[in-house]
Each structure stands twice: as C-alpha cells, then as structure tokens.
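J.: I'd like to ask some things about the structure below.
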Amino acid sequence: MSVEGARMGLRERKKQQTRAALSWATIRLSVERGWDAVTVEDIAAEANVSVRTFRNYFSSKAEAFVARHLDRMLRVADDLRARPADEPLSEAVVGAVQARFLSEPDTNDGYPCSRQWVDGIRLMLTEPDVQGEFLRAGMLIQHELAKTIAERTRTDVTRDVYPNLVAAATGAATTVAMDHWLRADPPVEIGPLLREVLDRLWVGLRP
C-alpha cells in the first residue's frame, strides 16, 4: 500500500470511529436521561467533538441513534460478500449476521443484558423519529443484502425474486430476534437467540 493509501485508510478508520462514538453516545445518554432530555450539544460533548462535527455526520438525534444498527447490518453484507464462495448460503448468512451482533471492537459495549438498559432501549424505540429512521435504515439494509445475495447466487437483483426475498426474510428474522431480546424476562443473550431465529428461518419455519 502506498503512503497516500495508508493515510486515506487511517482517515476512513477515524471517520468510522467518530461516527460510532457519536451513535453510541446518543444511545447511552438517551437511555440514561430520556429522549427529550438529551441535546445534540450533550452528545457532541460526550463524544468529545464539536456540534459542527456531529452535524457533519448526522442530521438528527434519531439518525445518530439508529446509525449503529445500520452500520452493523451493512457490515453484515460486506462480511457475506467476503465469505467462501462455496459455503452454503444459509451458513454464510447465519454466520455473517451472528458474528456482527457479538461484541465489536469499535463499540466496546456489546449487548448489555440488565433490565434497566433493555427497558431504556425499548422506550427509545417508541419515539416516532427513531421509528422512522429504523424504517429508512431497513430499506437500505435490505437493498445491500439483496445485492450481495444476488452475487453469491448468480441471480439478478433487479429481475429475480430470490435475492430480495432472502434479504427481506433475513432482515425480518433479525428484527424478531431483537424484539424478543428486548422483551425477554429474564434477559437473554442476543447471540444464541439470533442463531435460533435464523436457523428456524432456514429450515422453513418448521415448528
């Protein structure tokens, strides 16, 4: 890699780290204080950046709140593209999704299982602005997953139903797992839950 290429790679990593820090700060502060009690200024200060920097990355608190989920699922598509071409699609999809929902080095939080944390997340997900951003993110995620699945299955994402169906089903299964995780009492770990949901999906939802 050239020196310029290395510098560009470092800048990109720093941008990704700043984006992740801002999103995580939005989530943490919102859960701790309540949605309306958190300002963009609070989030920027928590992430140790300026308000202008926040505005460079996000147009709203809701967009920042959802960004971690969006970025994680887009990385699922990247991971799926990188998996061995001869790996069965079911194994590739399940492996790519499950791995990304385990603790990641750029988030340092994993998925806490305390009741207070989970209840706080559930409350934030009732905010109309957050719900709207999740819908928008879901469309982007499905589009990227479908493109990757089309590449692996040698289908046409614009003409064939299959890649879009698999992408939509995968996104729906992930949403079901997250919803169950939020409602489970006592709390459960997200990793095994995702594995169960996705395995059930790939065997045809057999009871």
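J.: Given the structure, is Ile43 in a helix (DSSP H, G or I), of a type in the set (Val, Ile, Thr), under 27 Å from Asp119 (Cβ atoms) and in contact with a Ser or Thr (Cβ under 7 Å, 6 or more places away or on another chain)?
T.: Criteria met by Ile43.
J.: Now for a separate question. Please indicate, with yes or no, whether at least one residue in segment 83-92 is touching a Ser or Thr at 6+ places or on another chain (Cβ under 6 Å), part of a helix (DSSP H, G or I) and either modelled with pLDDT of 95 or more or over 24 Å from Pro187 (Cα atoms) (or both).
T.: no
J.: Six or more apart or on different chains, Cβ atoms under 9 Å: show the pairs whose first residue is in segment 63-85 and farther than 16 Å from Leu102 by Cβ and whose second is surrounded by fewer than 19 Cβ atoms within 10 Å (Cβ to Cβ) and among the hydroxyl-bearing types (Ser, Thr, Tyr).
T.: From residues that are farther than 16 Å from Leu102 by Cβ, the pairs are Glu63/Tyr57; Ala64/Tyr57; Ala67/Tyr57.
J.: Name every residue in segment 152-161 that is exposed (fewer than 15 other Cβ atoms within 10 Å of the Cβ) and either part of a helix (DSSP H, G or I) or in contact (Cβ under 8 Å) with a residue 40 or more places away in the chain (or both), in order of residue number.
T.: The answer is Thr153, Val161.
J.: Give the residue, chosen from Arg19, Arg55, Arg7, Arg33, that is at pLDDT 95 or above, of a type in the set (Lys, Arg) and surrounded by fewer than 17 Cβ atoms within 10 Å (Cβ to Cβ).
T.: Numbers: Arg19 fails: surrounded by fewer than 17 Cβ atoms within 10 Å (Cβ to Cβ); Arg7 fails: at pLDDT 95 or above; Arg33 fails: at pLDDT 95 or above.
Only one candidate passes the filter, namely Arg55.
J.: Determine which member of the set Val166, Val176 is hydrophobic (A, V, I, L, M, F, W, C), open to solvent by 50 Å² or more (accessible area, probe 1.4 Å), within 21 Å of Arg100 (Cα to Cα) and modelled with pLDDT of 90 or more. It would help to see each step written out before you state the result.
T.: Details: Val166 fails: open to solvent by 50 Å² or more (accessible area, probe 1.4 Å).
One residue alone meets the criteria, Val176.
J.: Could you tell me which of the residues Ala67, Ala62, Ala44 is at pLDDT 95 or above, small (Gly, Ala, Ser), surrounded by 17 or more Cβ atoms within 10 Å (Cβ to Cβ) and over 30 Å from Thr148 (Cβ atoms)?
T.: After applying the criteria, what remains is Ala44.
J.: Considering only residues of segment 96-131 that are open to solvent by less than 30 Å² (accessible area, probe 1.4 Å) and modelled with pLDDT of 90 or more, which is nearest to Val38 (Cα to Cα)?
T.: Met124
J.: Would you point out which residue out of Gly95, Gly9 is without any contact (Cβ under 8 Å) to a residue 60 or more places away in the chain and within 19 Å of the chain's Cα centre (by Cα)?
T.: Unique residue meeting the criteria: Gly95.
J.: Could you pull out the residue among Thr153, Thr174 that is under 15 Å from the mean Cα position of the chain (by Cα) and at negative phi?
T.: Selected residue: Thr174, the only one of Thr153, Thr174 that is under 15 Å from the mean Cα position of the chain (by Cα) and at negative phi.
The values are calculated or read from the model by the stated rules, or taken from the named source; none is laboratory data. The model shown is predicted, which means the values in this text are computed figures rather than measured ones. In this analysis, Cβ positions are derived from the backbone assuming ideal geometry, glycine residues included, and neighbour counts consider all displayed protein chains. Just the protein is used for accessible areas: all its heavy atoms, side chains included, with ligands, DNA and RNA removed. Shrake-Rupley method; radii C 1.70, N 1.55, O 1.52, S 1.80 Å.
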